[in-house]
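Bear in mind that the values in this text are calculations on the coordinates, not laboratory data. Quantities reported herein were computed from a predicted structural model and do not represent experimental measurements. Using ideal geometry, Cβ is built from the backbone for each residue, glycine included, and neighbour counts are taken over all protein chains shown.
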Amino acid sequence: MGNDNFMEEMYLAAVRQLRTIVFELNYETGQKYCSPLFLESFGVESISNEDFTLDEATAGIVYEEDVELYRTLFASRSGERTVTCRFVTKNGTINWYKVTLQYDQKEDGEIARVIGTMKDVSDEIRSSAALRYHRDFDTLTGAPNFQQFNEEVSRTLEWDNGHHHAMIVLDIEEFKVINDLFGMRVGDLVLIHLADCLKELVVRPNVFCRMHSDVFCICITYETKGDIIRFIEKLKKRIEVNEFDFEIKTSYGVYLPDDSNLLEVNLMCDRASLAKKSIKDNAMQFCAFYDEEYRNEILKNNRIEAEMQQALREKQFVMYLQPKFNLENGEIVGAEVLARWKHPEKGMIQPNDFIPLFERNGFIMKLDEYMWEEACKAIQSWRKAGRRQFPVSVNVSRYHIYNRHIENILENLLKKYDLTPGALSLEITETMFFDNSNELYFLLNRLRDMGFRLEVDDFGSGYSSLNMLRNVPVDVIKIDKGFLDDTLNSEKGKVVIRHTIAMAKELQLQIIAEGVETTEHVDFLKGSHCDVAQGFYFARPMPLEEFNKLNF
């Protein structure tokens, strides 16, 4: 007997330590047992039925929404059955419990007794739910993350053959500026606002996610492309309705999957992103559909970018020179430096295939500086050979205007090749003046004070040209070929050119006409008292070796 009491005490101690509720109903003897933890947890001292919902004292402890789930325990009153559901504790909290019932039956099938256990698994459930949430959702915005989006879209596209689907990628224009000006917390609130708009407008079977940073992806069904545009316009307008003190502008790229050759979800998103990139810096467009030609252009640009550093190291970039001629006596009075890429395998790559790309990615700075040095080498060689000296024009990109080291770079080059600043003319495109930047004007004045000649390239390609002439600290105006062609088509146009030349001369500016190709061009420019011209009529751009054969 003493040993039995000891074993019972050990059993109860183990139950208390494990925080497990134990109860027993013996239908043969009528005995009932319920461990003290039941009273501690639910405020009920004893039970009269293993189905708590049938006992008035215990009916209220089963959480109302889980009653049906709880009653699955009793679908078959035999063997062992388990269910995990919620119960209301005596202090009103709702906790998860794992409930197990073990039925012992007599030989005739009648129930002899029922042994039950209840284990509070709330912490495990919450931890599991948190893990699932972190796995499937973005913690900042509450939006599904890309992993969940990927799984859902993959299933949808595999099984739903009755609908057309569109993959849409969007981001916030100038989001980094928002973070910089207003702080990261405001940036986070903008992302939360955008996610809330998506939650409101993207309804099943459509799905969305936050991919990363300010980039979101949506997969929607549609009948016509018009449905896609209308959805995007509705979303865009909804995002723009907010309480922030600044505009939230969004841009969108769309990829339409090919049902006959489905790509992986991440690749579809990549193509939608490519479409979105095609509209950057275009204020008149906020949405673009993926185009295979644009993808090929991107791939070509990627290949160029992968090779540009090596090309610079291996001196694949070649300096070409286009001579400038005095219209009165036909003498060479200058030359413009132009870059060409002589690829060892692809041959000559045309400037239009790499210059615009280099201007976007900033590599143009390195190419410009390389060409500056090539020009200085050539000028030094002409001086040593006793040839007539004239200024050589080199390009100065927008990046260099905001480079504080440009003056030192130019000074060091002149010193290295023993040249004076007058040996170089620095070309700045007309569009740079549209910003009316104080930094630009300050730098130009500094360069002019150092002795460099300054030229405005592509004059006439913009819309503020005449007004600009009053203020810009430059020495030379180069009339753009397009401006020349357009204005020579009418008498009014010819008047504009003549007066532009006359006004520039009154301002003590030299005039150079670019793109001169016909006798008509030459005769008109001479009659308008233009100083200098360059173009195919006189000579095409040529490598240094060929230029050196000219008479100067």
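Could you tell me what percent of the DSSP beta bridges with both partners in the range 301-547 are antiparallel, to the nearest 5?
Beta bridges within the range 301-547, antiparallel portion: roughly 45 percent.
Could you give the length gained on full extension between PHE552 and MET184, defined as 0.36 nm per residue of separation minus the Cα-Cα distance, in nm?
Between PHE552 and MET184, full extension yields 126.3 nm more.
DSSP loop GluC sites (Glu not before Pro) in the range 13-118 with at most 12 other Cβ atoms within 10 Å of their Cβ, which ones?
GLU28, GLU45, GLU56, GLU107, GLU110
If contacts are Cα pairs under 8 angstrom and at least 6 residues apart, what is the relative contact order of the range 2-126 in percent?
23 percent
Hey, if you put +1 on the Cβ of every Lys and Arg and -1 on every Asp and Glu Cβ in the range 301-547, which of ASN361, ILE479, LEU525 ends up farthest toward the positive end of that dipole?
ASN361
What nm distance separates the two modelled labels at SER46 and TYR27, each placed 7 Å from Cα along Cα→Cβ?
The modelled label-to-label distance comes out at 2.0 nm.
Find the Cα radius of gyration of the range 137-290, compare it with 2.2 N^0.38 Å by division, and give the number to two decimals.
Dividing the Cα Rg of the range 137-290 by 2.2 N^0.38 Å gives 1.01.
Per-residue ellipticity at 222 nm for the chain, helices alone: DSSP H runs ≥ 4 residues times -39500 (n - 2.57), over residue total, nearest 500 deg cm²/dmol?
Using -39500 (n - 2.57) per qualifying helix, the result is -13000 deg cm²/dmol.
Counting pairs of Cα atoms in the range 195-251, how many percent are more than 18 Å apart?
Counting every Cα pair in the range 195-251, those more than 18 Å apart make up 35 percent.
Over the range 2-126, consider all pairs of different Cα atoms and compute the Kirkwood hydrodynamic radius from their mean reciprocal separation; express it in Å, one decimal.
Taking the inverse mean of 1/r over all distinct Cα pairs, the range 2-126 comes out at 15.3 Å.
If I model a spin label as a point 7 Å beyond the Cα along the Cα-Cβ vector, how far apart are those points for ASN329 and LEU488 in nm?
2.5 nm
Positive end of the dipole of the chain, charges at C-beta (+1 Lys, Arg; -1 Asp, Glu), about the Cα centre: which of ASN179, ILE409, ALA306 has its Cα farthest in that direction?
Value: ILE409.
Which of the peptides 473-483, 439-449 is most tightly packed, and how do the rest follow, judged by the mean count of other Cβ atoms within 10 Å per residue?
Ranked by mean Cβ neighbours within 10 Å, highest first: 473-483, 439-449.
Using alpha carbons only, how many degrees (0 to 90, rounded to 10) separate the axis of helix 292-313 from the longest principal axis of the chain?
Around 60 degrees separate the two axes.
Could you give the length gained on full extension between GLU359 and GLU314, defined as 0.36 nm per residue of separation minus the Cα-Cα distance, in nm? Each step should come with its number before you reach the end.
On the way: separation 45, 0.36 × 45 = 16.20 nm, distance 2.07 nm.
Length gained between GLU359 and GLU314: 14.1 nm.
Given a cut-off of 30 Å, name the pairs among LYS494/LYS549; LYS277/LYS366; LYS237/LYS277; LYS315/LYS384; LYS342/LYS416 whose C-alpha atoms lie farther apart than that in the structure shown.
LYS494/LYS549
With a cut-off of 8 Å between alpha carbons and a minimum separation of six or more residues, what is the relative contact order of the chain in percent?
Once divided by the residue count of the chain, the mean separation gives 8 percent.
So how much slack lies between LYS346 and THR84, counting 0.36 nm per residue of separation and subtracting their Cα-Cα distance, in nm? Please report the intermediate quantities before stating the final value.
Numbers: separation 262, 0.36 × 262 = 94.32 nm, distance 6.90 nm.
This chain segment gains 87.4 nm when fully extended.
How far, in degrees from 0 to 90, does helix 146-159 lean away from the longest principal axis of the Cα atoms of the chain, to the nearest 10?
Between the helix axis and the principal axis of the chain, the angle is about 80 degrees.
Sorting check: for 217-223, 241-247, which peptide has the highest mean count of neighbouring beta carbons within 10 Å, and how do the rest follow?
Ranking the peptides 217-223, 241-247 by packing returns 217-223, 241-247.
Out of all Cα-Cα pairs in the range 301-547, roughly what percent, to the nearest whole number, are more than 23 Å apart?
Distances greater than 23 Å cover 52 percent of the Cα pairs.
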